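Colleague: My structure is below; once you've seen it, I'll send some questions.
Where a number appears in this text, it was derived from the coordinates with a stated rule and is not lab data. Since this is a predicted model, take the numbers as computed values, not measurements. For neighbour counting, all protein chains shown are included, and Cβ atoms are generated from backbone atoms with ideal geometry for every residue, glycine included.
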Ligand SMILES: [Zn+2]
C-alpha cells in the first residue's frame, strides 16, 4: 500500500456474492478520510480530472474534513484502486468492471449504446470505424486499465 498515493481514487466491491462494484469512494487529499460517491458517473467525473482538481471533503455538500469518514478502508470489503485521470466513459456507453471469482483481477469492458460488448482497444477502434456517428470519439476516450485489487482486502475464503 505504501507505493500507492493516498490521493488515488478507489472503488470498492463486496467481498462475497455478486462480484460487481457496490460502493464508489474517493479519498480526501487533506484528511485522507473516505467519502462515498453515489454514482459511477460522478466517480468518473472526479477521477477524470483528479490530478488537476484533487478531491477534498468540501467538494461534497455539507461535508467538511471534521466529519467522520463515511467508509473505512478495511478487509470487510474488497477494494480495488483506479488510476487517476482515466477518461470518462462517453455518453451512451457503459463501462463495466467484473471481478473474477478468484479475485485475481477485474475485467473491463464497454457496452455500446446498441448493446454491443467491446473488450479491447482494438475492438473499440473497429467499432468506431464501422459507426461513423461516433466520429467525435477516439480510442483515447476508452480505457481498459483495470483497477488494482488490494491483496490485503481479499476475503480469506477465496484463498485456497
Ligand atoms: Zn477531508
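Colleague: Let me know the Kirkwood hydrodynamic radius for the range 89-135, please, with Cα pairs as the basis and the value in Å to one decimal.
Modeller: On the way: mean 1/r = 0.0865 Å⁻¹.
Its Kirkwood hydrodynamic radius stands at 11.6 Å.
Colleague: Rg to Rh ratio, the chain, alpha-carbon atoms and Kirkwood radius? Before the final figure, lay out the partial values.
Modeller: Values: Rg = 16.6 Å, Rh = 16.8 Å.
Here the Rg-to-Rh quotient is 0.99.
Colleague: Say R0 is 41 Å: what FRET efficiency, to the nearest 0.05, do residue 66 and residue 104 get from their beta-carbon distance?
Modeller: For residue 66 and residue 104, the calculated efficiency is 0.55.
Colleague: With n ≥ 4 as the cut-off for DSSP H runs, can you work out [θ] at 222 nm for the chain, using -39500 (n - 2.57) per run divided by the number of residues, rounded to the nearest 500?
Modeller: On the way: 2 runs with 19 residues, N = 160.
Rounded to the nearest 500, it is -3500 deg cm²/dmol.
Colleague: Among 107-114, 57-64, how do they line up from the highest to the lowest mean number of other beta-carbon atoms within 10 Å? Kindly include the intermediate steps, with their values, before the conclusion.
Modeller: Numbers: 107-114: 15.4, 57-64: 12.6.
Listed from highest to lowest mean packing, they are 107-114, 57-64.
Colleague: Just to confirm the number: angle between the C-alpha axis of helix 121-130 and the first principal axis of the chain, 0 to 90 degrees, nearest 10?
Modeller: With rounding to tens, the tilt is 40 degrees.
Colleague: Follow-up. Let me know the Kirkwood hydrodynamic radius for the range 50-128, please, with Cα pairs as the basis and the value in Å to one decimal. If you can, show how the numbers build up before the last one.
Modeller: Values: mean 1/r = 0.0627 Å⁻¹.
Evaluated on the range 50-128, it is 16.0 Å.
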